[in-house]
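Structure, as structure tokens:
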Amino acid sequence: MGVERLLTVVEDARSQGQFVEGSVSAEEIDFLQARSRGAEIRSIAEIGFNAGLSAHAFLSANPGAHVTSFDLLAHEYSTPAKRHIDDEFPGRHTLIVGDSTRTVPEFADTAENATFDLIFIDGGHTYEVAIADLRNMKRLSRADTVIVLDDMLPHKPWGEGPIRAWQSAVADGTVVQKGLFQDGVEVDEVGPDARRGWVVGHYV
């Protein structure tokens, strides 16, 4: 099994002419796995399941963790990816299908006292969706919850929304930034040659 099955799903989708959305890099996988290890991490949330690579990273790094993914399930390959995740990690993954700007608040309303130890946001790239995801996830956090926001890429069009959303959340006191990363290395700012960029913080 392993991540190879998910990569095969992605390659099969490409060979069939399906649009395959960008995913996480090896450096980001390493970072997410390092963040998810430890006895204190038991409940992880992610916005954006896609091909299941980040969910697989969390679940394989921490055998005691459960992952809840929020995703539109807009891509055909996401369905076989979910099956592979369930085959390898039975009972440890929940997929909530729909628009995260609605499903996250609905989950918070119905899952009494639910909180997550680690939150990874890699969903919609518009400012409106990214800021909604950041603010809505606060209801499912604690003071020690780690939050990671992906696509902090100022030189890419899909990075503009997440960057602006993060800056707004910092400015209005929703989050505190703890680190900015380019391709696995902590930096003061993300450069034009970056392949991946993400930011780490916590809610206030």
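Any read-out appearing in this document is the output of simple, stated calculations on the displayed coordinates, not a laboratory observation. Quick caveat, the model's predicted, so the values are computed rather than measured. All Cβ positions, glycine included, derive from the backbone under ideal geometry; neighbour counts span all protein chains shown.
Under 1.5 on a/c is rounded, so check that first for region 3-203, then, if it is not, pick prolate when a/b is larger than b/c and oblate when it is not; a ≥ b ≥ c are the square roots of the alpha carbon gyration tensor eigenvalues. Could you put the intermediate results ahead of the total?
Numbers: a/c = 1.39, a/b = 1.13, b/c = 1.23.
Rounded shape, in that the Cα axes give a/c under 1.5.
Return the loop-located trypsin sites (Lys or Arg not before Pro) in region 1-68 (DSSP other than H, G, I, E, B) with at most 15 other Cβ atoms within 10 Å of their own Cβ; answer none if there are none. Please report the intermediate quantities before stating the final value.
Details: sites: ARG5, ARG14, ARG35, ARG37, ARG42; in loops: ARG37, ARG42.
Hits after loop and neighbour filter: ARG37, ARG42.
Rank GLU46, GLU160, GLU189 by mean-square fluctuation in a GNM of the chain with C-alpha springs under 10 angstrom and give only the top-ranked residue.
Top of the fluctuation ranking is GLU189.
So, with +1 on the Cβ of K and R and -1 on the Cβ of D and E, and no other charges, what is the size of the charge dipole of the chain about its Cα centre, to the nearest 20 debye? All intermediate terms of the calculation are to be shown ahead of the outcome.
Working: 18 positive and 32 negative charges, 72 e Å.
The dipole magnitude comes to about 340 debye.
Listing HIS202, HIS56, HIS84 from the residue with the fewest other Cβ atoms within 10 Å to the one with the most, what is the order?
Working: HIS202 16, HIS56 26, HIS84 20.
Lowest to highest Cβ neighbour count: HIS202, HIS84, HIS56.
Neighbour counts of other C-beta atoms within 10 Å: give me ILE44, ILE85 arranged from fewest to most. Before the final figure, lay out the partial values.
Working: ILE44 28, ILE85 25.
Sorted ascending by nearby Cβ count, the order is ILE85, ILE44.
Sorted from fewest to most neighbouring beta carbons within 10 Å, what does the list THR145, THR94, THR115 look like? All intermediate terms of the calculation are to be shown ahead of the outcome.
Numbers: THR145 19, THR94 12, THR115 15.
If I rank by nearby Cβ atoms, fewest first, I get THR94, THR115, THR145.
Report, in deg cm²/dmol and to the nearest 500, the calculated mean residue ellipticity at 222 nm for the chain, where each DSSP H run with n ≥ 4 adds -39500 (n - 2.57) and the sum is divided by the residue count. Present the calculation step by step, with values, prior to reporting the outcome.
Details: 7 runs with 78 residues, N = 204.
So the calculated ellipticity at 222 nm is -11500 deg cm²/dmol.
Just to confirm the filter: which GluC sites (Glu not before Pro) across region 67-147 are DSSP coil and have at most 10 other Cβ within 10 angstrom of their Cβ?
Numbers: sites: GLU76, GLU88, GLU106, GLU112, GLU128; in loops: GLU76, GLU112.
Sparse-neighbourhood loop GluC sites (Glu not before Pro): GLU112.
If we count every other residue with Cβ under 9 angstrom of ALA130's Cβ, Lys/Arg +1 and Asp/Glu -1, where does the sum land?
Values: positive: ARG164; negative: GLU128, ASP133, ASP151.
Charge balance in the 9 Å sphere: -2.
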